[in-house]
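Chemist: Have a look at this one before I ask anything.
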Amino acid sequence: MDQPDLMDQLLARWSDARPDLGVAELAVTGRLSRLGQHMADRDDATFGRFGLNRGEVGALSALRVAGPQHRLSPTQLGRGLMLSSAGVTSRLDRLEKRGLVARLPDPADRRGIIVELTAEGLALVDAAVVAKTESDRQLLGRLDPAEAEALQRLLKKLLLIMEPPGG
């Protein structure tokens with residue numbers, strides 16, 4: 001694709017201003033940053049149709065795929081969502097108020113709780129993820145299958161560098 005984009009223009013200006021700097025890496029990382037924001041905006045629009053935000057869908061999704069009982073401890077949720085305990089509590093408060101999750105006593109720890117996805121939460125997260133999948137399918141349908149596969153492999157490789165397994 002030979003059509004210049006905003007990053008090409010920005011990189012050209014940086015090269016003019018600081019030819020000694022060498023900003024070639026920004027051609028990748030700058031585009032990834034911009035794409036991240038565009039993807040977040042798309043997800044916000046999609047999930048907003050269900051009265052949810054991305055963080056709430058993340059928590060509901062973690063519970064949805066946690067096994068047949070759809071239960072996790074707040075600690076497990078926090079680890080998976082990269083949230084502090086205060087962040088998990090705040091998110092769970094909002095979801096519980098809407099009847100999408102329930103807090104139950106942890107049978108293995110008298111002081112602990114387990115978070116369970118309710119039937120309403122299950123139906124809502126399923127619908128939201130179906131809508132996101134359709135939105136993503138439309139976007140990535142603009143690439144040919146080989147391009148989409150190559151992009152997926154490269155992004156996975158980069159993500160494994162930043163998030164090593166077991167790290």
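The values are calculated or read from the model by the stated rules, or taken from the named source; none is laboratory data. These numbers come from a predicted model, not from an experiment. So basically every Cβ, Gly included, is an ideal-geometry build from the backbone, and we count neighbours across all protein chains shown. The accessibility values were calculated without ligands, DNA or RNA, using every heavy atom of the protein model including side chains. Shrake-Rupley method; radii C 1.70, N 1.55, O 1.52, S 1.80 Å.
Chemist: Restricted to segment 4-55, and to residues that are touching a residue at least 24 places away in the same chain (Cβ under 8 Å) and among the aromatic types (Phe, Trp, Tyr), which residue is surrounded by the most Cβ atoms within 10 Å (Cβ to Cβ)?
Modeler: Out of the qualifying residues, it is 47.
Chemist: Please enumerate the residues belonging to segment 64-83 that are touching a Leu at 6+ places or on another chain (Cβ under 8 Å) and either of a type outside the set (A, V, I, L, M, F, W, C) or surrounded by fewer than 16 Cβ atoms within 10 Å (Cβ to Cβ) (or both).
Modeler: 64, 70, 71, 74, 80
Chemist: Just one of 120, 96 is in a helix (DSSP H, G or I) and surrounded by 14 or more Cβ atoms within 10 Å (Cβ to Cβ); which is it?
Modeler: 96
Chemist: Please enumerate the residues belonging to segment 70-89 that are closer than 22 Å to residue 123 by Cα, among the small types (Gly, Ala, Ser) and assigned to a helix (DSSP H, G or I).
Modeler: The one that is closer than 22 Å to residue 123 by Cα, among the small types (Gly, Ala, Ser) and assigned to a helix (DSSP H, G or I): 80.
Chemist: Could you say which residue among 126, 106 is modelled with pLDDT of 95 or more, open to solvent by less than 80 Å² (accessible area, probe 1.4 Å) and of a type outside the set (A, V, I, L, M)?
Modeler: Every option except 126 fails the conditions.
Chemist: All but one of (1) acidic (Asp, Glu); (2) exposed (fewer than 13 other Cβ atoms within 10 Å of the Cβ); (3) under 22 Å from residue 40 (Cα atoms) hold for residue 144; which doesn't?
Modeler: Condition (3) is where residue 144 drops out.
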